[in-house]
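Some notes on the structure that comes next.
Nothing in this text is a laboratory measurement; each read-out follows from the coordinates by a stated rule. None of these values were measured; they are calculated from a predicted model. When we count neighbours, we look across all protein chains shown, and the Cβ atoms used for this are built from the backbone with ideal geometry, even at glycine.
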Amino acid sequence: MSESYYASKDLGRFPEVGQYGKELAENFFKYYGSVFSEGQLGAKEKSLIALAVAHAVQCPYCIDAYSTDALEKGWTPEQMMESIHVATAIRGGASLVHGVQTMNKIEKLGM
């Protein structure tokens, strides 16, 4: 199978998502722009956070966009990979800590 659900050319179509819901898309893009504007964190820091989160949520479009953005903003490949490891540790830990729910259920059932 040579086709993929995730075609890199589709990233460029992101602004078109408003085609069938213009007002909601406009609201989202306004919010998105606001989030990434300078604030308590700078654009450089937000780029690295976005890259890590992109890996945690496994969005290939976001990984593509924020890998480029992070490099353009001056992050090194080593810093980028470290941020991905942070996201991986949090995601893995979040899965593992839910094991407590299983432990609670086992204990409740007396097994």
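From the backbone phi of segment 90-96, what are the Karplus-calculated ³J(HN,Hα) couplings (6.51 cos²θ - 1.76 cosθ + 1.60, θ = phi - 60°) in whole Hz, Gly and Pro given as x?
5, 5, x, x, 5, 5, 5
Normalised by the residues of the chain, what does the relative contact order come to in percent, with Cα pairs under 8 Å and at least six apart?
So the answer I get is 21 percent.
Counting other beta carbons within 10 Å of each Cβ, put 103, 111 in order, fewest first.
Ascending number of Cβ neighbours within 10 Å: 111, 103.
Report, in debye and to the nearest 20, how large the dipole of the chain comes out about its Cα centre when Lys and Arg carry +1 and Asp and Glu carry -1 on their Cβ.
It comes to approximately 360 debye.
Which number gives the lysine pairs in the chain that have C-alpha atoms under 19 Å apart and are eight or more places apart or on different chains?
Lysine pairs meeting the criterion: 4.
From the C-alpha gyration tensor of the chain, pull out the three semi-axes of the equivalent ellipsoid (sqrt of 5λ each), sorted largest to smallest, in whole Å.
With the √(5λ) rule applied to the chain, the semi-axes are 32, 21, 17 Å.
For residue 111 and residue 73, calculate 0.36 nm times their separation in residues minus their Cα-Cα distance, and state this gained length in nm to one decimal.
So the extension gain works out to 8.3 nm.
What GluC sites (Glu not before Pro) does segment 1-88 have in DSSP loop regions with at most 16 other beta carbons within 10 Å?
Those satisfying the criteria are 3, 38.
Work out how much length residue 24 to residue 36 would gain on full extension: take 0.36 nm times their residue separation and subtract the Cα-Cα distance, in nm to one decimal.
2.5 nm
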